[in-house]
Amino acid sequence: MTQSQQSNAQSANPLDDSSATILTVGDLEAVFLPAHGMLGVSLRHQGVEILRRPQDLEAAAAKGSTTGIPFLYPWANRLAGHRYEAVGQTAELDPASPLLHFDANGLPMHGVPWSHLAWDIIEARQDRLIAGLDWSSAERLAVFPFRHRLTMTASLQADSLTLETEVFAGKQGSVPVSFGFHPYIGVPGLPRAEWRLTLPAMRRLLLDQRGIPTGREEAYSGPNGPLGERDFDDGFALAEERAAFCIAGAGRRIFVELLEGFTNAQVFAPKDADYTAFEPMTAPANAFVSGEGLRLVKPGGRFRAAFRIRIGSNA
């Protein structure tokens with residue numbers, strides 16, 4: 001990253017984070033904060049912002065809120081309680097812990113907030129950023145009692161941003177996998193109701209009043225038309241590992257494409273908000289408690305998941 005790029009990144013970052021890194025290729029520019037959860041805080045296409053909710057990072061950090069492109073770790077979405085057991089390890093989650101965030105029902109939400117996970121930069125180039133995170137401190141192990149290491153690679157091309165996450169299990173034992181991402185995107189210059197929404201064929205997970213899967217599901221053929229007044233906060237099981245979600249309008253099509261490692265997705269699009277979130281998930285919500293869809297990285301093994309945000313023209 002050049003000195004001018006780093007200066008611009010710092011001036012655009014309310015957290016005044018000197019590790020902010022800008023990636024630029026052609027018409028696309030992305031900004032990440034490695035020291036704050038590898039949070040993606042900007043994705044500009046031809047100078048126009050595609051991401052949503054990054055305006056006040058200090059307030060989001062204070063509340064534990066998601067924004068931009070946050071990494072949800074070690075679990076995405078909700079857990080049904082403050083205790084879970086996996087691979088013979090039990091975690092008792094402390095409601096007073098600063099490393100946890102809870103929803104309106106008091107359920108643990110999205111693991112450790114992005115502002116509490118400082119990643120180390122391994123490599124930074126104009127088109128690629130690689131960062132690593134060791135899960136070995138006492139605080140982190142109290143939340144997720146499995147020693148391991150993570151790497152995340154953000155790769156930029158002229159029309160897309162790809163995020164690849166790898167989990168490396170130590171020799172001490174297996175590591176359960178239930179993470180995800182929450183990319184907030186929107187179509188610039190067009191009212192939300194006029195965005196055209198395309199979802200793949202999936203299976204909708206039936207949820208209880210707390211948003212926890214009941215174990216039942218139903219076939220779902222996604223809409224292909226204006227978003228209108230539709231209101232989404234739904235969990236899905238993918239029919240295939242590779243799947244594409246899209247919003248389009250005003251000359252752009254914005255895709256969230258799941259490439260590898262993701263089995264589930266959450267679609268979040270409140271009718272009174274100017275964003276959608278197509279959330280890649282490596283397991284259904286509450287997998288640490290229910291065990292449903294939970295996969296394990298064997299001792300000394302590796303798990304990889306990747307998705308990309310791609311921007312095309314709206315023919």
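Which condition breaks for SER97 when tested against (1) closer than 28 Å to LYS298 by Cβ; (2) in a loop (DSSP other than H, G, I, E, B); (3) hydroxyl-bearing (Ser, Thr, Tyr)?
(1)
Check PRO176 against each of (1) under 30 Å from ILE254 (Cα atoms); (2) part of a strand (DSSP E or B) and name the one condition it does not meet.
(1)
Of the conditions (1) more than 19 Å from SER174 (Cα to Cα); (2) in contact with a strand residue (DSSP E or B) (Cβ under 8 Å, 6 or more places away or on another chain); (3) of a type in the set (Asp, Glu), ASP134 satisfies every one except a single condition; which number is it?
All conditions pass for ASP134, except number (1).
If you go through the stretch 79-94 one residue at a time, how many are closer than 25 Å to ALA62 by Cα, in contact with a strand residue (DSSP E or B) (Cβ under 6 Å, 6 or more places away or on another chain) and crowded, with 17+ Cβ neighbours inside 10 Å? Explain how you work it out, then say what you get.
Taking the stretch 79-94 and keeping what is closer than 25 Å to ALA62 by Cα, we get 79-83, 91-94.
Subset that is in contact with a strand residue (DSSP E or B) (Cβ under 6 Å, 6 or more places away or on another chain): 79, 83, 91-93.
Now restrict to residues that are crowded, with 17+ Cβ neighbours inside 10 Å: 79, 91, 93.
Result for the stretch 79-94: 3.
Which one of PHE288, PHE278, PHE255, PHE268 is farther than 20 Å from LEU205 by Cα, buried (at least 18 other Cβ atoms within 10 Å of the Cβ) and at pLDDT 95 or above?
Being farther than 20 Å from LEU205 by Cα, buried (at least 18 other Cβ atoms within 10 Å of the Cβ) and at pLDDT 95 or above holds for just one of PHE288, PHE278, PHE255, PHE268, which is PHE255.
Could you list all residues from the stretch 51-86 that are among the aliphatic types (A, V, I, L, M) and either within 25 Å of ARG253 (Cβ to Cβ) or at pLDDT 95 or above (or both)?
Result: LEU51, ILE69, LEU72, ALA76, LEU79, ALA80.
Does the stretch 26-63 hold any residues that are under 18 Å from the mean Cα position of the chain (by Cα) and among the β-branched types (Val, Ile, Thr), and which are they?
VAL31, VAL41, ILE50, listed by residue number.
For the stretch 158-181, which positions are closer than 21 Å to VAL48 by Cβ and under 14 Å from the mean Cα position of the chain (by Cα)?
Narrowing the stretch 158-181 to residues closer than 21 Å to VAL48 by Cβ: 158-163.
Residues satisfying the conditions are LEU161, THR162, LEU163.
Counting only residues that are over 21 Å from THR151 (Cα atoms) and free of Cβ contacts under 8 Å to residues at least 40 places away in the same chain, which one in the stretch 30-53 is surrounded by the most Cβ atoms within 10 Å (Cβ to Cβ)?
It comes out as ARG44.
Does PHE236 qualify as being closer than 25 Å to LEU79 by Cα, without any contact (Cβ under 8 Å) to a residue 60 or more places away in the chain and either aromatic (Phe, Trp, Tyr) or in contact with a His (Cβ under 8 Å, 6 or more places away or on another chain) (or both)?
For PHE236, the condition - closer than 25 Å to LEU79 by Cα, without any contact (Cβ under 8 Å) to a residue 60 or more places away in the chain and either aromatic (Phe, Trp, Tyr) or in contact with a His (Cβ under 8 Å, 6 or more places away or on another chain) (or both) - is met.
State yes or no: is ARG196 farther than 22 Å from THR276 by Cβ and either of a type in the set (D, E, K, R) or without any contact (Cβ under 8 Å) to a residue 40 or more places away in the chain (or both)?
For ARG196, the condition - farther than 22 Å from THR276 by Cβ and either of a type in the set (D, E, K, R) or without any contact (Cβ under 8 Å) to a residue 40 or more places away in the chain (or both) - is not met.
For the stretch 117-168, how many residues are crowded, with 18+ Cβ neighbours inside 10 Å, within 15 Å of PRO34 (Cα to Cα) and hydrophobic (A, V, I, L, M, F, W, C)?
11
Return the total of residues in the stretch 171-201 being under 24 Å from PHE303 (Cα atoms) and touching a Gly at 6+ places or on another chain (Cβ under 7 Å).
1
List every residue pair whose Cβ atoms lie under 6 Å apart, where the two residues are 6 or more positions apart in sequence or sit on different chains, the first residue falls within the stretch 95-116 and is in contact (Cβ under 8 Å) with a residue 24 or more places away in the chain and over 21 Å from LEU57 (Cα atoms), and the second residue, located anywhere, is of a type in the set (D, E, K, R) and outside any strand (DSSP E or B).
ASN105/ARG210
Residues checked against (1) over 19 Å from the mean Cα position of the chain (by Cα); (2) modelled with pLDDT of 95 or more; (3) surrounded by fewer than 16 Cβ atoms within 10 Å (Cβ to Cβ):
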residue	(1), (2), (3)
TYR184	no, yes, no
LEU197	yes, yes, no
ARG204	yes, yes, no
ARG216	yes, yes, yes
PRO223	yes, no, yes
GLU229	yes, no, yes
LEU238	no, yes, no
GLU241	no, no, yes
ILE247	no, yes, no
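The values are calculated or read from the model by the stated rules, or taken from the named source; none is laboratory data. Owing to the predicted nature of the structure, the values given are computational and were not obtained by experimental measurement. When we count neighbours, we look across all protein chains shown, and the Cβ atoms used for this are built from the backbone with ideal geometry, even at glycine.
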